[in-house]
Amino acid sequence: MKLVKKTLNWIVLRLPHREFVMKKLLPRIVSSFPVSLVYYPIYTRIARKKTNAIRYSTLVIEPFNVCNLQCTMCAYANSKREKTSISMDLFKKIIDDAKIVGIKTVCFSYFNEPFLDKHIFERVRYTKNAGLSTSIITNGCLMDKKIIDEIFDSDLDSILISLDGYSKETYLSIRKGSDFEQVNANVKLLIDERKARERKKPRITLGYVMQKKNETERSHFQAKWGKLVEEIAWGQPEEFDTAEDIKNRSGVRTKKLSIAIKKGYICWNFFNNLTVRSDGKVVMCCSWLFDDEEHVLGDLNKQSIMEIWNSERVQKLVEMIRNCDYSKIYPCNKCYGPFKLSTHNWWFADYPKGGS
Ligand SMILES: C[S@@+](CC[C@H](N)C(=O)[O-])C[C@H]1O[C@@H](n2cnc3c(N)ncnc32)[C@H](O)[C@@H]1O
Ligand code: SF4
Ligand code: SF4
């Protein structure tokens, strides 16, 4: 796959309309291939072959587990964890370690609003200086002129702003506690500033997790924002649930997980994303539906990434996930992650994971 990517990149670099090809045409072509027919067979083969080697390409890190909103589909409100922020010392150690194991991208997200972390841009700069690309997933509430200046100054590569609604009524019925006009103005300011500064970065994606409340507004949203940003990440209707539903899903395999098991789909999330919480603990995956101690795999305060990966617990999980034994693993038995493989992840190393 790496060789195919390299060859295609080599060709694209020599094309006359590179920007258009890379940002519009190619993603469209890539996304139009049926995931089950094209990506899964390749990915499953790769995942089966080198089971013991680390293949994380993205570090999803939660700098500070605090959020200013209470979105209806998000499990943040259920999180019982103590509110804590990763110290800069530990953060640097994690980034250095991530580089050693071959991680290419760092995504600031998980159970939080990244712009509430007062060290966020210090972290972005450190990560960039280490040679890794950076992305932030945000609700956009705090993205004022000062933060936007920092976004450009720190050379952030990619940003996903979660909007989830076209009309004020719908937006506020999902994104509880937010300010519709303010967030829309913030997004526009970011777009305008990028144009005024003649900058290509950050790549801007808008997140829209499809739900009953917002599904009829999809076309209006597309018409309003589609041409202004690189991408809209549409979360599939099946991907959302209310926090209460998620809690009550107890052990029941969804239809999609059954299909994934039958077809032998290996969870991309588990192998691709290393997820670190604000207390320095590594968890199973960045699925933000689960936030308890049961899926903690190790502690980066005391261990290295490699030590955690090589631990008996993780290696056992590697084997079980490789064999699609999801029903025996918590929280995989409550999830349909293996069914979800974003075609974009194959293409954009700095694509912010989330909202899709
Ligand atoms: C948990 S949030 C953290 C970042 C930031 N607070 C935000 O809202 O963008 C990361 C992403 O998860 C999405 N999300 C939250 N709950 C979800 C759910 N139940 N299903 C799918 N996506 C969800 C959000 O819309 C957002 O794009
Ligand atoms: S989706 Fe993001 S903004 Fe909304 S409650 Fe969850 S973490 Fe906060
Ligand atoms: S199956 Fe779900 S819970 Fe398990 S690793 Fe994959 S995304 Fe995470």
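Structure notes:
- Figure legend: label point modelled 7 angstrom from the Cα of D96 along Cα→Cβ; residues of the range 273-311 with amide N under 20 Å from it are 276-277, 279-282, 299-309.
- For the range 70-142, pairs of C-alpha atoms spaced more than 19 angstrom apart make up 39 percent of the total.
- Fraction in percent of alpha-carbon pairs per bin - 10 Å, the range 90-181: 15, 44, 27, 12, 2
- Inter-part distance where the range 265-302 and the range 97-126 are each reduced to a Cα centre, Å: 15 Å
- Between L297 and V282, V283, M284, the built amide H atoms are under 5 Å apart, and every one of these is 5 or more places off in sequence or on another chain.
- The residues neighbouring E217, those whose beta-carbon lies less than 13 Å from its own, together hold a net charge of +2 under the Lys/Arg +1, Asp/Glu -1 convention.
- Separation of alpha-carbon centers, the range 161-195 and the range 200-237, rounded to whole Å: 11 Å
- Amide H contacts of T134: V106, D157, S158, each under 5 Å away and 5 or more positions distant or on a separate chain (H built 1.01 Å from N in the peptide plane; Pro and chain starts excluded).
- Linear extension gain, S167 paired with A130, 0.36 nm per residue minus alpha-carbon span: 9.2 nm
- Per-residue extension of 0.36 nm, minus the Cα-Cα distance of I191 and Q222, leaves a gain of 9.6 nm for this segment.
- Solvent-free Debye calculation, one equal scatterer per alpha-carbon of the range 176-238: log10 I(q)/I(0) at 0.22, 0.29 Å⁻¹ equals -1.03, -1.33.
All of the numbers you see were taken from the coordinates with simple rules; none came from a lab. Owing to the predicted nature of the structure, the values given are computational and were not obtained by experimental measurement. When we count neighbours, we look across all protein chains shown, and the Cβ atoms used for this are built from the backbone with ideal geometry, even at glycine.
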